[in-house]
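The values are calculated or read from the model by the stated rules, or taken from the named source; none is laboratory data. Model, not experiment: these values are computed from the prediction. Here the Cβ positions follow ideal geometry from the backbone for every residue, glycine too, while neighbour counts run over all protein chains shown.
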């Protein structure tokens, strides 16, 4: 699995925010919607001959963002449900 530095930062920030919230620290997120709309996650499936997007691929993906997947990726019904539930935008990357 390959992870971008942006995604790594996002995961670290989520953990820090969760810990601070647990300790009673109130965090001002400013314009949350703007932050969510700029979230893009590219799912690397270059090691697959025929890429298949499953529920497992959404383990670390937050709601209301965009995922970028290879063109001709097969999306399982479970993955489609998560896309719908998390309100994700799916973009197909051409080679």
Candidate set from the range 17-49 (those that are farther than 25 Å from residue 75 by Cβ and surrounded by 12 or more Cβ atoms within 10 Å (Cβ to Cβ)); member that is modelled with the highest pLDDT: 20
Output for the range 74-95, where each listed residue is in a loop (DSSP other than H, G, I, E, B) and modelled with pLDDT under 90: 86, 87, 88, 94, 95
Output for the range 50-69, where each listed residue is over 16 Å from residue 6 (Cβ atoms) and at pLDDT 80 or above: 50, 51, 52, 53, 54, 55, 56, 57, 69
Cross-chain or 6+ apart pairs with Cβ under 9 Å, the range 1-17 first and under 22 Å from residue 53 (Cβ atoms), then assigned to a helix (DSSP H, G or I): 3/11
Pairs with Cβ under 9 Å, 6+ apart, first in the range 69-95 and on the phi > 0 side of the Ramachandran plot, second at pLDDT 85 or above: 72/51; 72/92
